[in-house]
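These notes concern the structure reproduced below.
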Amino acid sequence: MGKKTIEDAILIKKLLDKKMPAWQISKKYGIRKQKISYWKHHEIKTVIKRRSKLTDEDIQYMIKLAENQTTSNMGSRKITLLMNKRFEEQGRDLKISHMTSCRILNKNLGKPRKIQKVCSINQKKKEERIKFCKKILELNLKGKDIFFTDESIMDISPFVNEKIRLSKENSEKVKKGDPEALKLLGKEADKYPKQILIAGGISFYGLSDLIIVEGTMTDFAYGQTLLHYKKNFDKFKQKNKNLIFEQDRESTHTSHANTLLANTLFGENQWILAPPNSPDLAYPIENLWANLKKS
């Protein structure tokens, strides 16, 4: 309550105790009747701002918990529980709420953000990456010497935005229930998106033809895809005799039948397998898929 409100309340209480009618108080002192009626039935309570019992050491400990790399996935609720447990162990008559923890952490560290998912690389995958890089160095390969290939699923369903901004004119029509304007808000969308599997390649000398795969990528389907890759590979090979074929380690790529087929088409030392969970080592084709999906 403000200082003026408290002063008015005290004055009203004194005058009411002297049995002065409300209309007379209102007329004489210029106080509204609703205000007089309110203080006739309520007690005057001054609000004193409560000082926080948390010390600087407590706040620094909370920040340390949130910043610690080993507990970086610890949420504010868990930090609140740990802090209350700490107070109990210290014999302090103090408990903090979840909102207090959020307020302190947001003030000192900034608001929480979602963790970005990245490829996990275990020891075995690390060894395979090192082996792949050593082979690249051994063969003295450069970016222009590799024909990168990959497959990706493309969504061909029309994009339906969840939110739409209408012009002022159409907004007014929607409010009035105009059927033509309401059609702008309703768009048909498939329950299950339509998707196709596309295979393709990229090299320093250009893009390969896109191959549309019907159904799922089976061993037989990838064998047919390899035959298409071979046509583009031969075209680029004329410009660079050191060109080699690169593919990832998907199960259909490394099957016995397709390994033999790749040896026959490209030669045993003319194709390589990219290590798993390593999009950075096949970045040209990965960036191409990303741009296609955005467009």
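Points 7 angstrom from Cα along the Cβ direction at Lys194 and Gln34: gap in nanometres?
Result for the modelled spin labels: 6.1 nm.
With 10 angstrom as the radius, rank His256, His98 by how many other C-beta atoms surround their C-beta, starting from the fewest.
His256, His98
Residues with beta-carbon under 11 Å from that of Glu57, excluding Glu57: net charge, scoring Lys, Arg +1 and Asp, Glu -1?
Residues near Glu57 contribute 0 overall.
How much length, in nm to one decimal, is gained on full extension between Ser251 and Lys142, taken as 0.36 nm per residue of separation minus their Cα-Cα distance?
Residue separation times 0.36 nm, minus the Cα-Cα distance, leaves 36.6 nm.
Obtain the nm distance between the two label points defined at Asn269 and Met99 by a simple spin-label model: each point lies 7 Å from its Cα along the Cα-to-C-beta direction.
Result: 7.3 nm between the two label points.
Let me know the charge dipole size of the stretch 56-109 about its Cα centre in debye, to the nearest 20, where only the beta-carbon of Lys, Arg (+1) and Asp, Glu (-1) is charged.
It comes to approximately 240 debye.
Could you give the length gained by full extension between Ser120 and Ser157, i.e. 0.36 nm per residue of separation minus their alpha carbon distance, to one decimal place?
Between Ser120 and Ser157, full extension yields 10.2 nm more.
Could you list, in their original order, any pairs among Lys35/Lys176; Lys134/Lys231; Lys78/Lys131 whose Cα atoms are separated by more than 32 Å?
Lys35/Lys176; Lys78/Lys131
Mind giving me the nanometre distance, one decimal, between the label points for Arg86 and Asn291, set 7 Å out from Cα along Cα→Cβ?
Using points 7 Å along Cα→Cβ, the separation is 5.1 nm.
What is the magnitude of the charge dipole of the stretch 197-271 about its Cα centre, with +1 placed on the Cβ of each Lys and Arg, -1 on the Cβ of each Asp and Glu, and no other charges, expressed in debye to the nearest 20?
About 400 debye.
How do Thr252, Thr216, Thr264 line up, fewest other C-beta atoms within 10 Å first?
Placing the least packed residue first, the sequence is Thr216, Thr264, Thr252.
Which of the pairs Lys241/Lys293; Lys144/Lys230; Lys125/Lys239 have their Cα atoms more than 28 Å apart in this structure?
Pairs exceeding the cut-off: Lys241/Lys293; Lys125/Lys239.
Taking the Cβ of each residue in Tyr192, Tyr222 as the centre, tally the other Cβ atoms inside 10 Å and list the residues starting with the fewest.
Fewest-to-most Cβ neighbours within 10 Å comes out as Tyr192, Tyr222.
Rule-based calculations on the coordinates, nothing more; no lab input. Only a predicted model underlies this, so the values are computations on that prediction, with no experimental measurement involved. Using ideal geometry, Cβ is built from the backbone for each residue, glycine included, and neighbour counts are taken over all protein chains shown.
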